[in-house]
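Novice: Would you mind keeping the following structure in view while I ask a few things?
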Amino acid sequence: MVPALRLVAVSKRFPGARTDAVADLSLDMPEGTVTALVGPSGCGKTTTLRMINRLVEPTSGSIDLFGTDIRQLDVHELRRRTGYVIQQAGLFPHRTVAANIATVPQLLGWDKQRVRERVDQLVGLVGLDPELLGRYPAELSGGQQQRVGVARALAADPPLLLMDEPYSAVDPIVRAHLQDELLDLQRRVRKTIVLVTHDIDEALKLADQIAVLNIGGVLEQFATPDELLRAPASPFVEQFLGRERALRRLALQPVGTGPIGPVPEVVEGLPTVTTGAPLREALDAIVAWGVEQVVVVGDDGSPVGGLDLLTITERIGNAPSRRDTA
Amino acid sequence: MNADSFIWWDWVDRHLGEIRTATYEHLRLTVIAVGLGFVLSLALALLSLRWRAARAIVTGLAGLLYTIPSLALFAVLVTITGFSTLTAEIGLVGYTLLILVRNIIEGIEGVPAAVREAAEGMGLNPLRRLVAVDLRLATPAIVAGLRIATVTTVGLVTVTGLIGMGGYGSFIDEGLKRSFSTEIVVGAGLSVVMAMALDSVLVGIQRVLTPWQRSSRHRTNLWYELPKPIA
C-alpha cells in the first residue's frame, strides 16, 4: 500500500550554512498513524515538518503525499489540505474563536451554512465550550487556545495533520489532558499525523512510530515506541530515551494485550488490575502490596486471570533465559 | 468692554463667517495631508519591509525631512512652487511620513511570529496575509501614528497660514501684525480644538476597527482620559 506520506532522501541545507539541517532522510508514514519526530534542538525536526507543507523547500529529495509529489501541487492548495498546529496555537488575535476555526473552510469557499455546521461539529470534537465561539483568543486559557488550534487545523477535514510542538507552551497538567484528548480524537478521526516534539515521553505516549533525529538531521532510529525502548539502535538513542526504559515499556503495554496467567487459586487479599490498565500498574500493585501476583479482572470486575512478576518480565521480552546467559 | 481684554467676543461674533471658512480650509489642508501621507507611507513601509536597503533610505530621508524647521521649509518651497496648496501639501505630507512609515513598519513587525506562521501554513496567499492579517493586526499602531500625524499636521497648518494658505494660521498672522490678541487666541484656540476633535474621531475609528481590543487589557486612552490615580 502507498503510505500517506513518504519522504525519499530528503536533505535541506539553508543558504550560507556549512552543514545540512536535514540529511538524506527517508521515512514512510502509513495512513491513519501518528509519527513523532523527536530529537534535540538543531536536529532538523521542525525543518522536516515545514518541508511537508512547503514552508521550507528541500535542497534535494522528494516528498510524496498519497503517491503524489507535493511539488506538483499548488502550494496554497497543499497547505489548505494539510492541517497545521503550532506552538502557542498561533490563533488570529483579531478573529473570534468561530472565525479562527472557519479560516480554511472560508478560504475554500464553503457556503455560510456549511461553515457554521462544521464549526459546531468541531467544537464538540475537540471538547470546547460552545460559549467560547464568540470570544477572542486573548480571552482564552492556553489549553483552550490549543484546542481551538486543533479545531482550526481539522476544519476542512484534511487527511494530514502536522503538529509542531503543540503542547510545549501549556503547563504539564493541561498538557497531559490535551494529549489524552488527542489520542481520543485520533481514535475517531484517524488522521495521518506528524508530530514534532522534544519531549520523548510525549512521543512515546502519542506516536505509533518515532523517528529519533540527531544534530544535522541524521536519522538515528525509526521504530515503534516499544521497539525503541527495547532495542535502542545507538548510544545516542539510548541516552535520549533516558533511564527506566523497562518501566516505561510496561507503561505502554495494556494488561489485556498479551499473555496472562491463570486465575490464582485464592483471590481474596490480592490486588486487582483491569485488562485495560498498563502492565506498570500490575507491577506497582505487586510491589506495593508485597504479593506474588495480582488478579486480572475484566470490565465487569470478574477475575479473568493472574499476573506475576515472571509473566510481566516475559511480556517485555526480558525472559529468564536471557538473564541466565548474562 | 475693556479695551485691554484678552479676547473680544464681539469680534468673534462679527467674524463667524470668516471663522467658518478658515475651519474648512484648515480641515481640508489637514485631511489631504494626512490622507496622502498615509497612502505614500503605506507604500514606503511595504517597500521597506521587503527590502532592507529601502528601509534605511526611506527612514533616513523621512527623518532628515522631519528635522527641517517648518517655517524654513515652507519659505524655500514657496520659491519653487509659489504660494499654492501644492506648496503647503508638499511640506505637510513630508512631515507625516516619518511617523506614519515608522508606525506602519512597527505595527506589521509586531504581528506575532506564530500568527504569521499559522497564516502561511494554512494557505493564505501573500496578499490575503497582508490585508487580512498583517494590516488588521497593525491597526492599533497605524492609528496611533495617524493620531500623532494628524495632531502635528493641524498645528503645522497654522504655519502654512503664515504663507497665505488660509486656515486658522491667517488669524494668528493677522493678530501678530496688528498686535490684536483676540485673533491670536481664536486662531490658536480653534487649532487646539480641531486637533483634539480629530484625535477623538480617530480613537473612535480605532475602537470600531479593533473589536478584539475592547477588553480591559487593551484600552486606547483618549486625551481627556487620564490614567486613574493609584488608590
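The values are calculated or read from the model by the stated rules, or taken from the named source; none is laboratory data. On a predicted model such as this, the values are computed, not experimentally measured, just so you know. Cβ: placed from backbone, ideal geometry, glycine included. Neighbour counts: every protein chain shown.
Novice: For region A:122-141, give me each residue that is among the hydrophobic types (A, V, I, L, M, F, W, C) and within 11 Å of chain B (Cβ to nearest Cβ).
Specialist: A:Ala138
Novice: Here is a follow-up. Pick from region B:118-138 the residues that are among the aliphatic types (A, V, I, L, M) and assigned to a loop (DSSP other than H, G, I, E, B): which of them is nearest to the chain's Cα centre (by Cα)?
Specialist: So the residue we want is B:Leu124.
Novice: Look at A:Pro58 and say whether it is within 8 Å of another protein chain (Cβ to nearest Cβ) and either touching an Asp or Glu at 6+ places or on another chain (Cβ under 8 Å) or touching a residue at least 12 places away in the same chain (Cβ under 8 Å) (or both).
Specialist: When the stated conditions are applied, A:Pro58 does not pass them.
Novice: So which of A:Val266, A:Val255, A:Val218 is out of contact with any Lys or Arg (no Cβ under 7 Å at 6 or more places or on another chain), surrounded by fewer than 21 Cβ atoms within 10 Å (Cβ to Cβ) and touching a residue at least 40 places away in the same chain (Cβ under 8 Å)?
Specialist: A:Val218
Novice: A follow-up question, please. With the checklist (1) in contact with a strand residue (DSSP E or B) (Cβ under 7 Å, 6 or more places away or on another chain); (2) surrounded by 20 or more Cβ atoms within 10 Å (Cβ to Cβ); (3) acidic (Asp, Glu) in hand, flag the one item B:Glu117 doesn't pass.
Specialist: (2)
Novice: Just to be sure before I move on: is B:Ser179 more than 14 Å from chain A (Cβ to nearest Cβ), in contact (Cβ under 8 Å) with a residue 60 or more places away in the chain and hydroxyl-bearing (Ser, Thr, Tyr) in the structure I sent?
Specialist: No.
Novice: When A:Gly276 is evaluated against the numbered criteria (1) under 19 Å from A:Lys205 (Cβ atoms); (2) assigned to a helix (DSSP H, G or I), which criterion, by number, is the only one it fails?
Specialist: Of the numbered conditions (1) under 19 Å from A:Lys205 (Cβ atoms); (2) assigned to a helix (DSSP H, G or I), the odd one out for A:Gly276 is (2).
Novice: Please report, ordered by residue number, the strands (runs of 3 or more DSSP E) entirely within region A:158-216 with at least 3 residues that are closer than 17 Å to A:Val148 by Cα.
Specialist: A:160-164
Novice: Within region B:104-116, is there a residue that is free of Cβ contacts under 8 Å to residues at least 40 places away in the same chain, in a helix (DSSP H, G or I) and either within 30 Å of B:Ile184 (Cβ to Cβ) or in contact with a Gly (Cβ under 7 Å, 6 or more places away or on another chain) (or both)?
Specialist: Yes, region B:104-116 contains at least one residue that is free of Cβ contacts under 8 Å to residues at least 40 places away in the same chain, in a helix (DSSP H, G or I) and either within 30 Å of B:Ile184 (Cβ to Cβ) or in contact with a Gly (Cβ under 7 Å, 6 or more places away or on another chain) (or both).
Novice: Just for region B:112-135: of the residues that are farther than 19 Å from A:Asp74 by Cβ and acidic (Asp, Glu), which one is nearest to the other protein chains (Cβ to nearest Cβ)?
Specialist: B:Glu117
Novice: Same structure, new question: In region A:76-120, which residue that is farther than 23 Å from A:Leu178 by Cα and touching a Pro at 6+ places or on another chain (Cβ under 6 Å) is nearest to the other protein chains (Cβ to nearest Cβ)?
Specialist: Looking at the filtered set, the residue picked out is A:Arg81.
Novice: Within region A:57-81, how many residues turn out to be among the hydroxyl-bearing types (Ser, Thr, Tyr) and touching a helix residue (DSSP H, G or I) at 6+ places or on another chain (Cβ under 7 Å)?
Specialist: 0
Novice: Here is a list: A:Val255, A:Val237, A:Val291. Which entry is over 27 Å from A:Asp199 (Cβ atoms) and among the β-branched types (Val, Ile, Thr)?
Specialist: Of A:Val255, A:Val237, A:Val291, the one residue that is over 27 Å from A:Asp199 (Cβ atoms) and among the β-branched types (Val, Ile, Thr) is A:Val291.
For every residue, the table says whether it meets (1) touching a Cys at 6+ places or on another chain (Cβ under 8 Å); (2) surrounded by fewer than 17 Cβ atoms within 10 Å (Cβ to Cβ); (3) of a type outside the set (Gly, Ala, Ser).
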| site | (1), (2), (3) |
| --- | --- |
| A:Thr197 | no, no, yes |
| A:Asp201 | no, yes, yes |
| A:Val212 | no, no, yes |
| A:Thr224 | no, yes, yes |
| A:Ala231 | no, yes, no |
| A:Arg243 | no, yes, yes |
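Novice: What is the residue count in region B:1-38 for residues that are modelled with pLDDT of 80 or more and assigned to a loop (DSSP other than H, G, I, E, B)?
Specialist: 2
Novice: Find all pairs meeting these conditions: Cβ atoms under 8 angstrom apart; at least six residues apart or on different chains; first residue within region B:44-61 and surrounded by 11 or more Cβ atoms within 10 Å (Cβ to Cβ); second residue of a type in the set (Asp, Glu).
Specialist: B:Leu49/B:Glu109
Novice: Sticking with this structure for a sec: Filtering region A:30-54 down to residues that are in contact with a helix residue (DSSP H, G or I) (Cβ under 6 Å, 6 or more places away or on another chain) and within 14 Å of another protein chain (Cβ to nearest Cβ), which residue is nearest to A:Pro225 (Cα to Cα)?
Specialist: Among them, the one singled out is A:Asn53.
Novice: Any idea which of B:Gly161, B:Gly175, B:Gly166 is in a helix (DSSP H, G or I) and within 24 Å of the chain's Cα centre (by Cα)?
Specialist: B:Gly161
Novice: Still on this structure, I have one more. Might you check whether a residue that is at pLDDT 90 or above and over 14 Å from B:Thr152 (Cβ atoms) occurs anywhere in region B:68-89?
Specialist: Among the residues of region B:68-89, at least one is at pLDDT 90 or above and over 14 Å from B:Thr152 (Cβ atoms), which makes the answer yes.
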